[in-house]
Amino acid sequence: MLWDKNEGEKIQKGKYKMTLNLVDLHLRGKVKARDLWRQKDIGIFNDTFTTDVAYHGVIFVRWTQEI
């Protein structure tokens, strides 16, 4: 991400769409995601997972292969 000091506040307050290709984690088919910080299930995903992440944020997800 490039920093533009004129847009600094907007950039820091923004959320950014991030996509994870689950195949990169050697996960195929249905995969269950659980948000470990919020302690709640996010859902079942196939192939990719997309979420919004704050500029200084992270997400902490546990992946479980569904059978």
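The values are calculated or read from the model by the stated rules, or taken from the named source; none is laboratory data. Predicted model only: the values in this text are computed from it and were never measured. Glycine gets a Cβ as well: all are built from the backbone with ideal geometry, and neighbour counts include every protein chain shown.
Observations on the structure shown:
- Residues of the stretch 1-35 satisfying the condition of being outside any helix (DSSP H, G or I), closer than 24 Å to Gln65 by Cα and charged (D, E, K, R): Lys17, Arg28, Lys30, Lys32, Arg34, Asp35
- Subset of the stretch 36-52 that is polar (S, T, N, Q) and over 13 Å from the mean Cα position of the chain (by Cα) - its residue that is nearest to Gln65 (Cα to Cα): Asn46
- If you go through the stretch 1-43 and keep only what is touching a Lys or Arg at 6+ places or on another chain (Cβ under 8 Å) and of a type outside the set (A, V, I, L, M), you end up with Arg34, Lys40, Asp41, Gly43.
- Hey, Leu36 modelled with pLDDT of 95 or more and either touching a Gly at 6+ places or on another chain (Cβ under 8 Å) or surrounded by 10 or more Cβ atoms within 10 Å (Cβ to Cβ) (or both) or not: yes
- Test: residue in the stretch 50-65 that is aromatic (Phe, Trp, Tyr), in a loop (DSSP other than H, G, I, E, B) and surrounded by 11 or more Cβ atoms within 10 Å (Cβ to Cβ): yes
- Within the stretch 1-45, being in contact (Cβ under 8 Å) with a residue 24 or more places away in the chain, of a type in the set (Val, Ile, Thr) and more than 13 Å from Ile59 (Cβ to Cβ) holds for Ile11, Val23, Val31.
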